[in-house]
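Please treat every number below as a calculation from the coordinates, not as lab data. Note that the structure is a prediction, hence the values are computed from the model and not measured. Glycine gets a Cβ as well: all are built from the backbone with ideal geometry, and neighbour counts include every protein chain shown.
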Amino acid sequence: MLRQREQTEAKLGALEKEAEARRQSWIESAKLLDEARAQLTRVNLLLETHDKAASKSAKPTIMQAVLEVLRQQPNGMTALEILAEINSRYFDGTIVRTSLSPQLSRLKDRDHKIILRGTRWFLAPEEPSLFTQKK
């Protein structure tokens, strides 16, 4: 019985050492996992910030900006209203009337994407057969 007790105590000691080594290994793995998660969070935040900055710096063309503002104004806009809106949204006041006018003409005459009714510009209907211009 004494020998069995000694063997069991020795076996227990070896198992306790192994359990402690595995516990330490698990703790180290858990720390590494937490560090990797934190790093991934930082990288994702940096990428999101970069994407937002890139999308803000990617300015549309004048024609794209005109179409976008007219999409949101079903009652149409005058050329000066369009100019003010695209300058405030996209161009920080850098577009002048002489740059806008030719773009409005191209969108109307060449592309048939907008129409002029009196002094107000509107998006043209999607179907070309529905395109009618009132003067």
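Some observations on this one:
- Neighbour net charge for ARG23 - beta-carbon separation under 15 angstrom, K R +1, D E -1: -1
- LEU46 paired with GLN7, simple spin-label distance in nm, labels 7 Å along Cα-to-beta-carbon: 5.9
- Calculated [222 nm] ellipticity per residue, helices only, for the chain: -21500 deg cm²/dmol; basis is -39500 (n - 2.57) per DSSP H run with n ≥ 4, divided by all residues, nearest 500.
- The residues neighbouring ARG3, those whose beta-carbon lies less than 14 Å from its own, together hold a net charge of 0 under the Lys/Arg +1, Asp/Glu -1 convention.
- Sequence-separation-based contact order of the chain, relative, with Cα cut under 8 Å and 6+ spacing, percent: 18
- Euclidean distance of C-alpha centroids, the range 71-117 and the range 1-36, integer Å: 75
- For THR41, net neighbour charge (Lys/Arg +1, Asp/Glu -1) across residues whose Cβ lies under 15 Å away: -1
- Residue with peak Gaussian network fluctuation, the chain [Cα springs, cutoff 10 Å], from LEU104, LEU45, LEU80: LEU45
- Rough spin-label spacing in nm, given labels placed 7 Å along Cα→Cβ, for GLU18 and ARG110: 8.0
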